[in-house]
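Participant: The structure under discussion is supplied below as structure tokens; questions concerning it will follow.
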Amino acid sequence: MLFRYALTAVALTSLSVAVEAAPDGPVVNTTSGSYIGASDTANAIDTFFGIRFASRPARFTPATPVANPPSGLQSALAFGSDCPQFPGTSIVAIAGIPAGPPLRGANQSEDCLFLNVWRPEGTSAGDKLPILIYIHGGGYFAGSGSEWNGTSLVQRSVATGKPIIFVTFNYRLGALGFLGSAQVPPNSLNIGLQDQRAALKFIQDNAESFGGDGSRIIISGESAGAVSVHLHYLYPDSQRTFRGGISSSGSSLGLITPACEWYDRPGGTYNQLGNITGCGTSAGSFECLQNVSFDTFWPLALTTYEVPGGGLPQLLPCKGPEGSLIDEYPVERVINGDFLNLPIITGTNRNEGTFIIGTSFLDLTPQPSLDEENSLIRAYIASQATNNKNVSQATLDKLLELYAHPTDNLALNSSLYNRAAEFATDYNMLAPERLFLQSASKAQRGQDVWAYQFEQHVPDTPDFLGVFHTSDLYYLDMGFAPVPSQTLQSRVQDFYISFTNDLNPGASWPKYSTESGSGVVMRLVDEDGGEPIADTLRLEQTDFLNQVDVMKEFGRFG
């Protein structure tokens, strides 16, 4: 391992000398040093990959700026290392459909705090182009900035006369980025989100070097990236690093936010990790985990990702004491309107829940009787509670009633699957989004808020998945296989580009408001590109899920 790192260091040093002697690409001077990128003349863009936005971090320690950047030119021709994560070349796949494109970093390493830039060819310092930052998803346990490609978006921005700069970055994940415990010091909690803050600061501080405008930055993201957008609204940094946000398939409540000590319970991640490493779980265990060699630590950490029943790892942002970034439950800030009053677009896909539940309910043979089905649904709903909470029988009875007759018949032979998918959609995405929208759009706030409902089924994907989680990303053209129709793709790309330039997704898109009834969302579908519709899909179900007493039963308030 050390020998490989030594070879890498020698190679980078040699490349630095070579490019210093004969630079033939675009050059930027940043606070982490000078970098030479590539001119992609075929696509009329400049790219810079693998720019360091922080020093190599110590484990579980906040990122710090590069103190002594190299004096020579550094290569920005290849992606930096991806952060260590769930194994495989893509995040996860359901019925053969990946949740993200393949990672493209050279390897995985704890030294992974790098960012990537795409800009129109020939952009120079002082051009002051607006910047769109994309925060990758992956459930906070997988993903990378290297998955995504800004070429198509930047090309479209130039073609429409609204050029932008597109940026992605890495942040620490899973046990390395979101280790929760009463034993973890406050400033070492939610390290992955702290990495994001560090990246946003670096981008703003160095925007002009890339030809960007540090006062015109939009943050965007999907899934965990979308949750991150909301969390940066709820827990803002003292340095205002963005002026608006786009949240795709996620909100501050889109994933559970447990108390950090929840991971200390028997079977919790910290409890497991302390036991299998020999570090224990009492005083001194945190320092012990910091000092275990990576080659020993990481294979053991991965075993804690294995969830009974094949579920996804639960290593998430957690609520801790002051200094932990998240020192109050998100739901409290949402309800109280205690978040940044900045323009925001937020939306969901119609069938988000199909990716969340997978195919386990679908694959039961034979399909269960109605009584068995109700028992399985009841158990699934109850399992969503966190913070050691128990959902009351009265609440479970009401939810069984509300989800007795699915509105979307995705799986023709499994009402169990259809019911579970709709509950998962509403509990994880639609209800939390509406709670935020209702708070953000109050007239007295004067906040500019827009919402969408994505309804386009991706061609050549299983019908039972419906308009699944990540479907909208196919129409951003950032790494998934191209879609055949350009109408909706252009529409989706244009609303990102327009918002990045003008803080408005387009004149035909009305702002969200519930002052005179239900809000209005933009329905995005390939038939005509989209139209505004009333935000009423399963409104009775989400209203019930958003009742304060119900949210308390599920552990939203701790």
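Participant: Using the membrane-span-like helix rule (whole DSSP H runs, Cα extent along the own axis of at least 27 Å, mean Kyte-Doolittle hydropathy at least 1.0), which helices of the chain qualify? Please report the intermediate quantities before stating the final value.
Facilitator: On the way: long enough: 2-21 (29 Å, 1.36).
The qualifying helices are 2-21.
Participant: Using every Cα-Cα pair within segment 236-279, state what percent have a distance larger than 12 Å.
Facilitator: Values: 693 of 946 pairs.
Distances greater than 12 Å cover 73 percent of the Cα pairs.
Participant: Follow-up. For segment 112-235, take the convex hull of the Cα atoms, compute a quarter of its surface area, and give me that in nm², please. Working shown, then result.
Facilitator: Values: hull surface 31.6 nm².
If I average the Cα hull's projected area over directions, I get 7.9 nm².
Participant: Under the Kirkwood approximation applied to all pairs of distinct alpha-carbon atoms, what is the hydrodynamic radius of segment 47-118 in Å? Don't skip to the answer; put the middle values down first.
Facilitator: Values: mean 1/r = 0.0722 Å⁻¹.
With all distinct Cα pairs of segment 47-118 included, I get 13.8 Å.
Participant: Then there is this: Arranged from highest to lowest average of other beta-carbon atoms within 10 Å per residue, in what order do the peptides 502-510, 411-419 appear? Don't jump to the answer; show the numbers that get you there.
Facilitator: Details: 502-510: 15.2, 411-419: 20.3.
Going from most to least packed, we get 411-419, 502-510.
Participant: For segment 495-558, what's the relative contact order in percent, using C-alpha pairs closer than 8 Å and at least 6 residues apart? Display every interim value, and only then the final one.
Facilitator: Numbers: 50 pairs, mean separation 10.7, N = 64.
It comes to 17 percent, rounded to a whole number.
Participant: Set the bar at 25 Å for Cα to Cα. Now go through K389/K511; K442/K552; K201/K319; K319/K511; K201/K552 and name every pair that lies beyond it.
Facilitator: Numbers: K389/K511 37 Å; K442/K552 23 Å; K201/K319 23 Å; K319/K511 32 Å; K201/K552 35 Å.
Correct reply: K389/K511; K319/K511; K201/K552.
Participant: Among G161, Q196, V117, whose Cα lies farthest out toward the positive end of the dipole of segment 114-198, if unit charges sit on the beta carbon of Lys, Arg (+1) and Asp, Glu (-1)?
Facilitator: G161
Participant: Using DSSP to define loop residues, name the GluC sites (Glu not before Pro) in segment 267-367 whose beta-carbon has at most 16 other beta-carbon atoms within 10 Å. Display every interim value, and only then the final one.
Facilitator: Details: sites: E287, E306, E322, E328, E332, E352; in loops: E306, E322, E328, E352.
Those satisfying the criteria are E306, E322, E328.
Participant: Considering Cα pairs under 8 angstrom that are at least six residues apart, work out the relative contact order of the chain and quote it in whole percent.
Facilitator: Details: 1176 pairs, mean separation 73.7, N = 558.
Over the chain, the number comes to 13 percent.
Participant: Still on this model: Could you work out the equivalent-ellipsoid semi-axes for segment 444-558, taking the square root of 5 times each eigenvalue of the Cα gyration tensor, largest first, in whole Å? It would help to have the intermediate numbers written out before the result.
Facilitator: Working: eigenvalues 154, 85, 37 Å².
The equivalent ellipsoid of segment 444-558 has semi-axes of 28, 21, 14 Å.
Participant: Still on this model: Taking neighbour Cβ counts within 10 Å as the exposure measure, how do C260, C288 sort from fewest upward?
Facilitator: On the way: C260 25, C288 14.
Exposure proxy ranking, most exposed first: C288, C260.
Participant: Rank-order 294-304, 431-441 by packing density, defined as the average count of other C-beta atoms within 10 Å over each peptide's residues, highest first. Intermediate results must be reported in sequence, preceding the final value.
Facilitator: Numbers: 294-304: 15.5, 431-441: 23.8.
Order by mean packing, descending: 431-441, 294-304.
Participant: Let me ask another. Cα-based Rg (one decimal) and Dmax (whole number) for segment 303-421, in Å?
Facilitator: According to the Cα coordinates of segment 303-421, Rg and Dmax are 17.8, 52 Å.
Participant: Here's something else I'd like to know. Using only Cα atoms, locate the centre of segment 520-558 and the centre of segment 345-369, then give the distance between them in Å, rounded to an integer.
Facilitator: Segment 520-558 and segment 345-369 have Cα centres spaced 17 Å from each other.
Participant: Compute the normalised compactness of segment 30-179: alpha-carbon radius of gyration over 2.2 N^0.38 Å, N being the residue count. Don't skip to the answer; put the middle values down first.
Facilitator: Values: Rg = 16.0 Å, N = 150, 2.2 N^0.38 = 14.8 Å.
Its radius of gyration relative to the 2.2 N^0.38 Å reference: 1.08.
Participant: Taking C-beta distances below 4.7 angstrom as the pairing criterion, name the unpartnered cysteines of the chain, in sequence order.
Facilitator: None; all cysteines have another Cys Cβ under 4.7 Å.
Participant: Turning to a different aspect of this structure: Per residue, how big is the convex hull around the C-alpha atoms of the chain? Give it to me in cubic angstrom, could you? It would help to have the intermediate numbers written out before the result.
Facilitator: Working: hull volume 81.8 nm³, N = 558.
Roughly 147 Å³ of hull volume per residue.
Participant: Additional query: If amide hydrogens are placed 1.01 Å from N in the peptide plane, which non-local residues have theirs closer than 5 Å to the one on L73?
Facilitator: E20
Participant: Which whole number of Å³ per residue matches the convex hull of the alpha-carbon atoms in segment 251-308?
Facilitator: Details: hull volume 6.3 nm³, N = 58.
Taking the convex hull of the Cα positions in segment 251-308, it is 109 Å³ per residue.
Participant: Distance between Cα centroids, segment 37-109 to segment 470-508: provide it in whole Å.
Facilitator: Taking the Cα centre of each part, segment 37-109 and segment 470-508 sit 24 Å apart.
Participant: What is the Cα convex hull volume of segment 175-224 when expressed per residue in Å³? Don't skip to the answer; put the middle values down first.
Facilitator: Working: hull volume 5.1 nm³, N = 50.
Once divided by residue count, the hull of segment 175-224 is 101 Å³.
Participant: Where both residues lie in the chain, what percent of DSSP beta bridges are antiparallel, nearest 5?
Facilitator: Details: 23 of 57 bridges.
Roughly 40 percent of the DSSP beta bridges within the chain come out antiparallel.
Participant: Working only with C-alpha atoms, what are the Rg and Dmax values of segment 351-477, expressed in angstrom?
Facilitator: 16.6, 55
Participant: Over segment 130-240, what relative contact order in percent results from Cα pairs under 8 Å that are six or more residues apart? It would help to have the intermediate numbers written out before the result.
Facilitator: Numbers: 153 pairs, mean separation 41.9, N = 111.
Over segment 130-240, the number comes to 38 percent.
Participant: A further question on this structure: Given a cut-off of 15 Å, what percent of all Cα-Cα pairs of segment 377-437 lie beyond it?
Facilitator: Values: 999 of 1830 pairs.
Every Cα pair in segment 377-437 considered, those over 15 Å come to 55 percent.
Participant: Arrange the peptides 131-140, 473-482 so that the one whose residues have, on average, the most other Cβ atoms within 10 Å appears first.
Facilitator: Working: 131-140: 26.0, 473-482: 19.2.
The most tightly packed comes first, giving 131-140, 473-482.
Participant: Amide H neighbours of I246 under 5 Å, counting only residues 5+ apart in sequence or on other chains, H built in-plane at 1.01 Å?
Facilitator: Those lying under 5 Å, H to H, from I246 are I219, S220, G221, I345.
None of the figures in this text is laboratory data; all of them are computed from the coordinates on show. Note that this is a predicted model, so its numbers are computed, not measured. Glycine also receives a Cβ, built like all others from the backbone with ideal geometry; neighbour counts cover every protein chain displayed.
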